[in-house]
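S.K.: The following block contains the structure, expressed as structure tokens.
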Amino acid sequence: MKYDYLLVGSGLYAGVFAYHMIKKGRKCLVVEKRNHLGGNVYCESIEGINVHKYGAHIFHTSNKKVWDFVNGLAEFNRYTNSPIANYKGEIYNLPFNMNTFSRLWNIKTPKEAEAIIRRQREDIQGEPANLEEQAISLVGRDIYEKLIKGYTEKQWGRECKELPSFIIKRLPVRYTYDNNYFNDLYQGIPIGGYNVIINKLFQGCDIILDTDYLENREKWNSKAETVVYTGPIDAYFDYRYGELEYRSVRFETEILDEPNYQGNAVVNYTDRDVPYTRIIEHKHFEFGTQPKTVISKEYSDAWVKGMEPYYPVNNDNNQKLYCKYKELADKEKNVIFGGRLAEYKYYDMDKVIESAMNRLEKLEII
Ligand code: FAD
Ligand code: UDP
């Protein structure tokens, strides 16, 4: 047998795994369905701009070990994510903070904002039962109606009342004038784009692109002792118990003959009538000064077999179904399931890296 590890997929999980294994002298083969490495963090250079091909990716973490690791692979810039929301032409700062409250209610102090939100959340009694109740109890009804309802329903394709409350808990709510979208200690974009990191992670591996592992798994399995599978867990088991639900995303990317289209990397369109959820202007991630600009309109789609699955939909039904697949996965010999799709978790990049590191620690590689 030639390889120690067969990595199915070439996202961050597989990359972190491969990087450490190669350092320990293990032989790794990567089989990737797409025509490039990197999974969802892959960047394509257009007009000298690193275009985040699968959606805006901002690195943020509070885990020093993860931060040190990625900084060993690339230098990070000082980008701080501060998206703005466009609601029917009105502009608000995100996440929800004193700038948002002041614009919305023409107030100045945290006390005034707290009083308004307290009044607006009065009808929610007890523990919030769904995303709508959670949102109103966090920021009141005005913000829910203007900045959350439309965006969330476009993003997830269902009513806020039918969505779990944890989705919205990701967003900070602050009674300070602070537009930083994240609470994490560390944040930035790798200078030169994510491919700088990806190329280092897979150095020393043999790589096969444009190839779906599941179409010929016996052949690929025979090439290695152990498989590290980072694709969808339900696909691995031929959807034996049924399909897990995902949301997919579609991007319409345009090159514009102007240097600065929207003055910010991310603008969310929070009303229902605009069909896309946000517009990304990629150059602003790296403070680009190119004469042209590249923008991507992001549309959220229901996922059907054959499309790229992007977001796991972690509601109770899907979670139950995932647990059944997880039981099968635990019984599978010589296969490691890892990453956003194989663990069916709404992981950010740092959490995926952490998950791979935990696995490597268990294997006593790091
Ligand atoms: P992936 O990157 O999904 O890699 C899996 C790879 O496996 C893919 O390349 C796929 O083609 C391949 N594959 C699947 N099945 C097969 C098969 N059968 N055969 C061969 N290859 C296969 N995180 C942040 O921290 N900050 C952000 O700002 C952020 N923004 C995001 C925006 C969007 C729109 C999305 C969708 C995600 C965002 N994330 C963000 C999350 C981030 O993309 C993920 O946490 C991370 O990229 C997941 O890495 P992974 O290795 O688990 O999976
Ligand atoms: N959200 C919202 N309005 C916004 C931005 C986000 O209501 O302008 C909600 C939405 O439900 C989204 C959740 O907050 O799914 C988490 O947002 P985040 O930006 O973290 O989502 P991501 O696209 O990174 O998964």
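The values are calculated or read from the model by the stated rules, or taken from the named source; none is laboratory data. Everything quoted here is computed from the prediction, not taken from an experiment. Ideal geometry is used to build each Cβ from the backbone, glycine not excepted, and the neighbour counts take in all protein chains shown. Calculation scope for accessible area: heavy atoms of the full protein, side chains included, ligands and nucleic acids excluded. Shrake-Rupley method; radii C 1.70, N 1.55, O 1.52, S 1.80 Å.
S.K.: Can you tell which of Gln187, Gln155 is under 30 Å from Ile46 (Cα atoms) and in a strand (DSSP E or B)?
M.R.: Result of the check over Gln187, Gln155: Gln187.
S.K.: If we keep just the residues of the stretch 88-97 that are outside any loop (DSSP other than H, G, I, E, B) and of a type in the set (A, V, I, L, M, F, W, C), which is nearest to Glu281 (Cα to Cα)?
M.R.: Here the answer is Ile91.
S.K.: Name the residues in the stretch 274-286 that are touching a residue at least 60 places away in the same chain (Cβ under 8 Å), under 19 Å from Glu90 (Cβ atoms) and either out of contact with any strand residue (DSSP E or B) (no Cβ under 9 Å at 6 or more places or on another chain) or open to solvent by less than 10 Å² (accessible area, probe 1.4 Å) (or both), would you?
M.R.: Thr277
S.K.: Kindly indicate the residue of the stretch 315-366 that is touching a residue at least 24 places away in the same chain (Cβ under 8 Å), within 16 Å of ligand 2 (Cβ to nearest atom) and among the hydroxyl-bearing types (Ser, Thr, Tyr) and also farthest from Gln187 (Cα to Cα) among those meeting that condition.
M.R.: In this case the residue turns out to be Tyr344.
S.K.: Looking at the stretch 212-225, can you tell me whether even one residue there is modelled with pLDDT of 95 or more, closer than 20 Å to Lys53 by Cα and assigned to a helix (DSSP H, G or I)?
M.R.: no
S.K.: Follow-up question, since we're still on this one. Of the residues Lys2, Lys65, Lys23, only one is modelled with pLDDT under 95 and more than 11 Å from ligand 1 (Cβ to nearest atom); which?
M.R.: After applying the criteria, what remains is Lys2.
S.K.: Which of the residues that make up the stretch 330-348 are part of a helix (DSSP H, G or I) and either among the basic types (Lys, Arg) or in contact with a helix residue (DSSP H, G or I) (Cβ under 6 Å, 6 or more places away or on another chain) (or both)?
M.R.: Lys331
S.K.: Looking at this structure, is Ser222 surrounded by 17 or more Cβ atoms within 10 Å (Cβ to Cβ) and hydroxyl-bearing (Ser, Thr, Tyr)?
M.R.: Answer is no for this residue.
Every residue, every condition in (1) of a type in the set (S, T, N, Q); (2) more than 24 Å from the chain's Cα centre (by Cα); (3) more than 13 Å from ligand 2 (Cβ to nearest atom); (4) not in a strand (DSSP E or B), yes or no:
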| residue | (1), (2), (3), (4) |
| --- | --- |
| Lys65 | no, no, yes, yes |
| Ser82 | yes, no, no, yes |
| Asn86 | yes, no, no, no |
| Lys108 | no, yes, yes, yes |
| Ser137 | yes, yes, yes, yes |
| Tyr144 | no, no, no, yes |
| Gly150 | no, no, no, yes |
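S.K.: Among the strands (runs of 3 or more DSSP E) lying completely within the stretch 251-316, list those that include at least 1 residues that are among the polar types (S, T, N, Q).
M.R.: 266-269, 293-302
Quick grid of which residues meet (1) small (Gly, Ala, Ser); (2) under 24 Å from Tyr346 (Cβ atoms); (3) open to solvent by 40 Å² or more (accessible area, probe 1.4 Å):
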site: Gly140; (1), (2), (3): yes, no, no
site: Ile148; (1), (2), (3): no, yes, no
site: Thr152; (1), (2), (3): no, yes, no
site: Arg158; (1), (2), (3): no, yes, yes
site: Phe166; (1), (2), (3): no, yes, yes
site: Tyr175; (1), (2), (3): no, no, yes
site: Asn183; (1), (2), (3): no, yes, yes
site: Ile198; (1), (2), (3): no, yes, no
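S.K.: Filter the stretch 141-165 for residues that are β-branched (Val, Ile, Thr) and touching a residue at least 40 places away in the same chain (Cβ under 8 Å); which is nearest to Tyr246 (Cα to Cα)?
M.R.: Result: Ile148.
S.K.: Is there a residue in the stretch 309-320 that is over 23 Å from the mean Cα position of the chain (by Cα) and closer than 21 Å to Gly55 by Cβ?
M.R.: No: zero hits.
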